[in-house]
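Only one structure is covered here, and it is reproduced in the block below.
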Amino acid sequence: MYIIDDGLKLDAVLDMPAAMAGEKCPLVIVIHGFTGYKEEDHIVAVSRALNEIGYATLRVDMYGHGHSDGEFRKHTLYKWLTNALTVIDYARSLDFVTDLYLCGHSQGGLTVMLAGGLKHDVIKGLIPLSPACMIPELARKGELLGLQFDPDRIPDTLDAWDGRKLDGNYARVAQTIHVEEAIARYDGPVLIVHGDADDAVPVQYGIEAAKAYKHCDLVLIPGDDHCYTHHLDQAVEAVRSWMAKQ
Ligand code: FER
């Protein structure tokens, strides 16, 4: 199915809980990371676990990713953030939805942190997974994607690590974002999960974000990487047991 955001199609999958207690249930929006999409193993595994404990999930491909409209090279954090706002409002319009939660991996984790700040009054809880909260800071230093560039003279094109190209506007937008403001605006419960051997987003960023939130639990996965390729079961269990208590 598609959710339309200002004329652009966002490809989405809604999965209902395995067993519904009544006619209504809470829903978790699940967002992938940079270059990712909604069918990645860790995105699907987290969603399935939530379905098992009574949550509906809405996995969505963000602008320029997966099967959604938009070109990868033209995506920015603003576009992802406005996508997230649209998806949140779509979810709120569904009759069966009670409470609404946001979960996102990496750049999707950063996106849900920003969206949580903007929609703090309608989001019951936040689950940033290995959140890439360092992107704005790195953009201000001129260090994105393992590249070095002059942050005051951003090149028109940035070459992503997998050979894909990204417009310099990505970095210009990222430079304007202040994650600490979004964190300060969100008072609800937060769970951050992070592998302590993550070399795409060093675990220190997850630890610092967890300290900055007013009510945050942090689960570190020993020896695991950015997408939990070694201990996906542990990352999923962290989400499952935390959400079972909400
Ligand atoms: C970067 C490091 C990590 C970066 C993006 C990421 C755009 C995001 C990773 C992800 O979402 O998985 O330098 O630059």
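Suppose we keep just the DSSP beta bridges with both residues in the chain; what percent of those would be antiparallel, to 5?
DSSP beta bridges in the chain are roughly 30 percent antiparallel.
Jot down the per residue volume, in cubic angstrom and as a whole number, of the convex hull over the alpha-carbon atoms of the range 174-246.
Cα-based convex hull of the range 174-246, divided per residue, equals 90 Å³.
If you rank Val28, Val60, Val87, Val46 by fewest surrounding Cβ atoms within 10 Å, what's the result?
Ordered from fewest to most neighbouring Cβ atoms within 10 Å, Val28, Val60, Val87, Val46 come out as Val87, Val28, Val46, Val60.
Hey, what's the Kirkwood Rh for the chain if you take every pair of different alpha carbons, in angstrom?
For the chain, inverting the mean 1/r across all distinct Cα pairs yields 17.8 Å.
Using the beta-carbon distance between Gln148 and Asp69 and R0 = 45 Å, what value does 1/(1 + (r/R0)^6) give for FRET efficiency, to the nearest 0.05?
Between Gln148 and Asp69 the formula returns 0.90.
Mind checking which of Gln234, Ala56, Val173 is farthest towards the positive end of the range 2-244's charge dipole, using Cβ charges of +1 (Lys, Arg) and -1 (Asp, Glu) about the Cα centre?
My answer, from the dipole projection, is Val173.
Compute the angle between helix 41-52 and the longest alpha-carbon principal axis of the chain, please, reported from 0 to 90 degrees and rounded to the nearest 10.
Between the helix axis and the principal axis of the chain, the angle is about 20 degrees.
In what order do Glu181, Glu40 fall by count of nearby beta-carbon atoms within 10 Å, going from fewest to most?
Lowest to highest Cβ neighbour count: Glu181, Glu40.
Taking R0 as 45 Å, what's the FRET efficiency between Lys24 and Arg140 from their Cβ-Cβ distance, rounded to 0.05?
With a Förster radius of 45 Å, E is 0.55.
How far, in degrees from 0 to 90, does helix 107-118 lean away from the longest principal axis of the Cα atoms of the chain, to the nearest 10?
Around 70 degrees separate the two axes.
Explain nothing, just compute: Karplus ³J(HN,Hα) = 6.51 cos²θ - 1.76 cosθ + 1.60, θ = phi - 60°, for every residue of the range 182-192 in order, whole Hz, x for Gly and Pro.
Each residue's phi maps through the Karplus curve to give 5, 4, 5, 7, 10, 9, x, x, 9, 10, 10 Hz.
Helix 77-93 sits at what angle to the longest principal axis of the chain, using alpha carbons and giving 0 to 90 degrees rounded to 10?
On a 0 to 90 degree scale, this one is about 10.
Please list 219-227, 92-100, 123-131 highest first by mean number of surrounding beta-carbon atoms within 10 Å per residue.
123-131, 219-227, 92-100
How large is ³J(HN,Hα) for each residue in the range 61-71, as worked out from phi by the Karplus curve 6.51 cos²θ - 1.76 cosθ + 1.60 (θ = phi - 60°), to whole Hz, x for Gly and Pro?
Those phi angles translate into 7, 7, 3, x, 9, x, 9, 8, 5, x, 8 Hz.
Going down the table (Lys38/Lys119; Lys38/Lys79; Lys74/Lys165; Lys141/Lys214; Lys79/Lys211; Lys74/Lys141), which pairs top 19 Å between alpha carbons?
Exceeds cut-off: Lys38/Lys119; Lys141/Lys214; Lys79/Lys211; Lys74/Lys141.
For a footprinting-style exposure proxy, rank Tyr205, Tyr228 by other Cβ within 10 Å, fewest first.
Tyr205, Tyr228
Each reported figure results from applying straightforward, stated rules to the coordinates on display, with no laboratory input. On a predicted model such as this, the values are computed, not experimentally measured, just so you know. Note that each Cβ is placed from the backbone with ideal geometry, even for glycine, and that neighbours are counted across all protein chains shown.
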